[in-house]
Amino acid sequence: MSNKHGNLSIDSDNLFPIIKKWLYSDHDIFYRELISNGCDAITTLKKLDMMGEYTLPADYKAKIEVIVNPEEKTLKFIDNGLGMTADEVEEYINQIAFSGATDFIEKYKDKANDDQIIGHFGLGFYSAFMVADEVTIDTLSYKDGATAVHWSCDGGTEYDMEDGTKNTVGTEITLFLNEDCLEFANEYRAREIISKYCSFMPTEIFLSKANAPEEYEFINIDEKLDTDTVVEEIHEAAKTEEKENENGEKEIVETVPAKDQYKIVKRPVAINDTHPLWAKNPKDCTDEEYKAFYRKVFMDYKEPLFWIHLNMDYPFNLKGILYFPKINTEYDSIEGTIKLYNNQVFIADNIKEVIPEFLMLLKGVIDCPDLPLNVSRSALQNDGFVKKIEEYITKKVADKLIGMCKTEKESYEKYWDDISPFIKFGCLKDDKFCDKMNDYILFKDINDKYQTLPELLAPVEKEETCDDAADSTTSDDITDSDDSSTADASADNSEEKDSRKVVYYVTDRNQQGQYIAMFKEQGMNAVILDHNIDTSFITQLEQRNEDYKFMRIDADLTEAMKEDSSEDLAEASATLSELFKKVLSNDKLTVKVEKLKNDDLASVITLSEEGRRMQDMMKMYAMNGMGGMDMSMFAADQTLTLNAGNALVQYILNNKDSENVPMFCEQLYDLAVLANQPLSVEAMAKFVKRSNDIMLLLTK
């Protein structure tokens with residue numbers, strides 16, 4: 001081939017500035033592109049060998065070498081794949097694979113921050129010009145009689161191509177780095193980038209530093225090795241020591257035996273794992289291998305709870321492993337990592353178009369060769385195939401969880417507190433996932449027992465949904481279908497009664513301890529819902545099912561806590577209601593008098609479920625920067641229930657004109673509020689002073 005100087009087949013001189021500018025945020029990606037190209041060349045050569053169109057040498061070992069040279073400011077990428085002829089260089093390098101740079105600029109000028117163009121337009125090789133002032137290619141094709149080719153380009157639209165001197169099949173690409181990108185010739189930086197993008201590429205990758213002194217290692221002389229690597233043979237004499245034997249006599253004892261070793265040039269070690277765990281059959285993987293892989297990939301030394309191995313060949317090829325990490329923490333602070341691969345080539349972390357949003361709380365890897373490498377995100381959003389992948393992954397996760405509930409209930413319960421935020425978030429985000437999981441969501445009760453929703457609602461004689469629930473509390477203990485739905489409903493008998501079953505719940509075991517004690521005294525039960533996500537979650541469950549509703553344990557006093565009494569409390573209610581409203585200066589407060597079973601209990605505050613949820617929702621909006629409104633507008637309806645059987649309440653009723661009664665009324669109210677929620681700073685100061693004043697009364 002004669003020397004050739006020509007212009008790259010594009011319509012504009014602006015290609016390389018565009019590549020450099022648009023991909024600057026991912027300017028280390030050229031490592032992946034050039035190594036991927038080498039992998040493809042090697043894979044193709046192996047296929048030709050399998051088809052009988054080429055015969056690989058007997059000692060052939062596929063490999064990619066990356067050589068950094070900080071002194072000369074160069075990088076080399078060397079593969080022993082199929083190489084290129086001059087005609088192929090002309091086709092694949094000189095003719096850029098799109099219709100024209102002008103059309104290209106016009107079409108994508110507004111998407112600079114959103115789209116990854118490298119690879120999508122066959123521009124993988126040209127990513128080298130993001131960091132290099134000049135790039136050369138030395139290549140020799142596998143074809144019989146092929147001539148080596150040398151190609152060079154300085155980042156403009158002109159190139160030079162001539163016969164080369166390469167004498168081994170494959171391709172060597174040399175990058176002459178610009179001054180701004182010399183970091184990429186640093187061995188440690190190179191290792192970091194290759195580990196990021198190429199940790200699991202199917203061809204071994206070796207990284208080395210040019211002109212580095214040889215390193216040596218020592219092996220036993222009887223090991224089989226390549227004699228060319230032997231530097232010298234070393235004999236180490238045995239080490240001895242004078243010791244006293246059992247008879248008290250001194251003798252020479254051999255402490256370290258003699259050994260003969262080879263000193264050899266240190267064997268290069270591949271920087272990547274060519275057979276990642278996800279590519280193996282799940283039956284061939286041990287628990288320890290799964291844990292070790294998790295530690296290696298995610299640098300998380302807390303053991304995962306469990307995992308799901310994805311392995312699908314039809315209708316699309318997808319493999320992967322999803323780990324459920326220990327996430328027993330507030331929802332807002334949970335961060336997962338799903339790494340997406342294409343044929344073992346890293347694409348990105350957490351691409352939302354492929355991974356369901358709620359699955360991003362997990363950690364894992366997904367490899368889908370059917371996804372086009374570096375396809376733009378906008379194309380992913382409109383791709384029905386991608387949607388099918390998302391649905392498949394969601395279904396596999398749900399199937400795993402349901403299977404655990406049915407066959408490994410004890411393990412499922414053990415993991416529940418950690419995984420429940422993830423499952424509930426998934427139910428909120430994905431209706432199909434919620435439909436599948438609806439009967440397999442666990443609720444822990446105030447006795448630390450776990451039950452599913454069907455178990456909570458079903459009569460005692462009904463068959464349980466999950467196994468091993470015989471010792472759990474029955475639904476009659478935890479649900480209540482009597483007429484006392486809310487304070488407002490009980491106050492107005494003309495309203496239509498709510499026939500839905502009630503599931504009582506607790507949001508703070510400490511703060512609501514008085515109510516829990518009341519429930520336990522009456523043999524009643526409630527479930528624990530103390531996570532940030534629970535308010536939205538139970539609202540969604542109620543909207544999807546008309547047979548039940550959730551009420552917080554302090555939303556109302558159930559009939560089970562009241563005495564069956566024929567005593568008319570209307571007059572007492574009217575008297576105490578007027579007194580407390582006047583003393584507390586609160587006309588909106590509802591005051592009731594009931595005969596409770598526990599005479600030691602003087603007063604109880606209850607908040608309407610609907611009003612409290614609205615209040616919580618408004619607080620959440622305020623925390624998210626949507627404040628500025630008067631939060632008192634959304635205060636939950638509050639009811640103060642006074643126990644007619646309590647001695648202090650009777651004292652107030654019978655001595656309403658006493659000078660100490662106002663102080664007692666305020667104290668009873670604050671005590672009731674304290675059992676429900678913390679007092680404000682001002683109210684707490686008054687409460688403390690009043691408590692002191694009451695104690696002083698005892699000294700008079």
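The values are calculated or read from the model by the stated rules, or taken from the named source; none is laboratory data. Given the structure is predicted, the values throughout are model-derived calculations rather than measurements. Cβ atoms come from the backbone with ideal geometry, glycine included; neighbour counts cover every protein chain shown. With ligands, DNA and RNA removed, areas are computed over all heavy atoms of the protein, side chains included. Shrake-Rupley method; radii C 1.70, N 1.55, O 1.52, S 1.80 Å.
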Which of the helices (runs of 4 or more DSSP H) contained wholly in segment 572-678 include at least 3 residues that are open to solvent by 40 Å² or more (accessible area, probe 1.4 Å), at pLDDT below 90 and within 20 Å of Y505 (Cα to Cα)?
609-621
For residues that are in contact with a Gly (Cβ under 6 Å, 6 or more places away or on another chain) and either open to solvent by 20 Å² or more (accessible area, probe 1.4 Å) or among the hydroxyl-bearing types (S, T, Y) (or both), scanning just segment 160-179, find the one that is farthest from G124 (Cα to Cα).
V169
Output for segment 515-527, where each listed residue is touching a helix residue (DSSP H, G or I) at 6+ places or on another chain (Cβ under 9 Å) and not acidic (D, E)
M518, F519, Q522, G523, M524, N525, A526, V527
Kindly indicate whether Y392 is of a type outside the set (A, V, I, L, M), surrounded by 18 or more Cβ atoms within 10 Å (Cβ to Cβ) and on the phi < 0 side of the Ramachandran plot.
no
If you scan segment 403-432, which residues turn out to be basic (K, R), surrounded by fewer than 17 Cβ atoms within 10 Å (Cβ to Cβ) and closer than 22 Å to I355 by Cβ?
K429, K432
Condition first: more than 21 Å from F346 (Cβ to Cβ) and among the small types (G, A, S). Now tell me which residues in segment 273-304 satisfy that.
none
Over 15 Å from S36 (Cα atoms), at pLDDT below 95, open to solvent by 30 Å² or more (accessible area, probe 1.4 Å) and aliphatic (A, V, I, L, M), is that true of A132?
no
Open to solvent by 20 Å² or more (accessible area, probe 1.4 Å) and hydrophobic (A, V, I, L, M, F, W, C): is that true of M551 in this structure?
no
Quickly run through segment 180-196 and pick out the residues that are in contact with a Phe, Trp or Tyr (Cβ under 7 Å, 6 or more places away or on another chain) and surrounded by fewer than 16 Cβ atoms within 10 Å (Cβ to Cβ).
K196
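Here's the yes/no breakdown for (1) farther than 29 Å from V131 by Cα; (2) among the polar types (S, T, N, Q); (3) modelled with pLDDT under 70:
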site: A185; (1), (2), (3): no, no, no
site: R191; (1), (2), (3): no, no, no
site: K209; (1), (2), (3): no, no, no
site: K224; (1), (2), (3): yes, no, yes
site: E232; (1), (2), (3): yes, no, yes
site: H235; (1), (2), (3): yes, no, yes
site: E249; (1), (2), (3): yes, no, no
Mind counting the residues in segment 248-272 that are closer than 23 Å to T203 by Cβ and open to solvent by 50 Å² or more (accessible area, probe 1.4 Å)?
4
Scanning segment 236-263 residue by residue, the ones that are in a strand (DSSP E or B) and of a type outside the set (D, E) total 12
Given (1) under 30 Å from D430 (Cβ atoms); (2) touching a Lys or Arg at 6+ places or on another chain (Cβ under 9 Å); (3) surrounded by fewer than 19 Cβ atoms within 10 Å (Cβ to Cβ), where does D564 come up short, assuming only one miss?
(1)
From the list D468, D448, D399, which residue is at pLDDT below 90, surrounded by fewer than 20 Cβ atoms within 10 Å (Cβ to Cβ) and of a type in the set (D, E)?
D468
Filter segment 287-307 down to the residues that are of a type in the set (K, R) and part of a helix (DSSP H, G or I) and list them by number.
K291, R295, K296
Residues of segment 30-79 satisfying the condition of being within 35 Å of the chain's Cα centre (by Cα), charged (D, E, K, R) and open to solvent by 30 Å² or more (accessible area, probe 1.4 Å)
D40, K63, E65
Candidates S475, S485 - the one that is touching a Pro at 6+ places or on another chain (Cβ under 8 Å), small (G, A, S) and modelled with pLDDT under 85
S475
Just name the residue that is most open to solvent (accessible area, probe 1.4 Å) out of those in segment 144-157 that are within 11 Å of V169 (Cα to Cα) and free of Cβ contacts under 8 Å to residues at least 60 places away in the same chain.
D144
Criterion first (open to solvent by 70 Å² or more (accessible area, probe 1.4 Å), assigned to a helix (DSSP H, G or I) and either hydrophobic (A, V, I, L, M, F, W, C) or closer than 17 Å to M201 by Cα (or both)) does K283 satisfy it?
no
Of all residues in segment 270-300, count the ones that are without any contact (Cβ under 8 Å) to a residue 40 or more places away in the chain and among the β-branched types (V, I, T).
1
Check segment 119-127 and report whether any residue there is closer than 23 Å to A270 by Cβ and either modelled with pLDDT of 90 or more or among the hydrophobic types (A, V, I, L, M, F, W, C) (or both).
no
